[in-house]
1. When a/c is below 1.5 the answer is rounded, else prolate if a/b is larger than b/c, else oblate, so apply that to the stretch 189-228 with a ≥ b ≥ c taken from the square roots of the Cα gyration tensor eigenvalues.
2. Could you order peptides 304-311, 124-131 by the average number of other Cβ atoms within 10 Å of their residues, highest first?
3. Whole Å is fine, so just give me how far the alpha carbon centre of the stretch 158-185 lies from that of the stretch 234-282.
4. Could you size up the charge dipole of the stretch 17-147 around its Cα centre, putting +1 on the beta carbon of Lys and Arg and -1 on that of Asp and Glu, and report it in debye to the nearest 20?
5. What does the convex hull of the alpha-carbon atoms of the stretch 134-228 project to on average, in nm²?
6. Pairs LYS11/LYS166; LYS32/LYS52; LYS45/LYS95; LYS11/LYS95: which exceed 24 Å Cα-Cα?
7. When the chain is modelled as a GNM with alpha-carbon springs shorter than 10 Å, which of ILE230, ILE100, ILE156 fluctuates the most?
8. Using per-residue counts of other Cβ atoms within 10 Å, averaged over each peptide, order 168-175, 138-145 from highest down.
Amino acid sequence: MPAISAYAPGKIILFGEHAVVYGRPAIAAPVKDVQARAMLQANPKGPHGVLKIRAPDIGLDSTLDELPRDHPMAAAVFAVLRELGVARPPAGNLKVTASIPPASGLGSGAAVSIAVIRALSAFLGSPLPDERVCALAFEVEKLHHGTPSGIDNTVITYGMPVFFVKGEPIETLHVPQPFTIVIGDTGVPSPTAGSVGDVRRAWQAGKARYEALFDSAGGIAEAARQSILIGLTESLGPLMDANHGILRKMGVSSPELERLVEAAREAGAPGAKLSGGGRGGNMIALAGRNNAETIASALQAAGAVRTIITQISSGGK
Ligand code: PMV
């Protein structure tokens, strides 16, 4: 049996992170320049039911049974076995690799889950439809983030820009006028669960203030959706700046993020903001017609450990 491979892209949140956990809309887009890959090869000589899992990027070399059941990769595997009513996996070798930096707001966790779910279900002869892939990946996200909105698993499963409201049917976003985003990585790892937990505690301590911040972020996401749909991408810059101001007030920025956001604006970006959980991880800047490279260089000079220039378009998987 030939090896089966599945891929999943990274993602950025363009508008509405954190507020999306509280039911406000958000916009996210896939980043296909980075990806997770799962490759499954049958091992007919191996003992029945022993699935070896190797993820060299994180130094993982184990069997499924040796991993804690809530380990993200084990959880993804068990979710597929449960879904398909398979008691034991056939003997095989699962190799997982990712060019998506972990804990940086680019969706590496969800992308790994989705690549594993796709590869394993195809390997078992029942490739799952997107809707089920998305639902299983959400179950895995919940184990690790506590109260995820579901935006990461949705945008990565469908591989298209989405206008996302928690618990509502997915709305993919048509982008008639593609635009360029420069991503800058602070190099500071920042697990999402930490900042999401801090925002929850702050919200509990000051509900009126935080509800108002969430409303403002939701309004910005609505306005951005309109601008994207009619191809008025210039207006996204000020909306990004406004969204960043709100995220600062929520307490999820950091000195490193501020430095990069400022550097992007000084280099001519029409707008910039942190993207994802915040505190570290990545920021994004809207590029003008010809200045993406200039912005990327300015971000590197200001301390970005990595930059990605990516195109936001309707795209497909
Ligand atoms: O995974 P991250 O860091 O991109 O964060 C996801 C966005 C949050 O709104 C902060 C959390 C969520 O579940 O929506």
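Any read-out appearing in this document is the output of simple, stated calculations on the displayed coordinates, not a laboratory observation. Predicted model only: the values in this text are computed from it and were never measured. Cβ placement follows ideal geometry from the backbone for every residue including glycine, while neighbour counts extend to all protein chains displayed.
1. Oblate.
2. 304-311, 124-131
3. Using only Cα atoms, the two centres lie 18 Å from each other.
4. 300 debye
5. Over all viewing directions, the stretch 134-228 projects a mean Cα-hull area of 7.6 nm².
6. Those over the limit are LYS32/LYS52.
7. It is ILE230.
8. 138-145, 168-175
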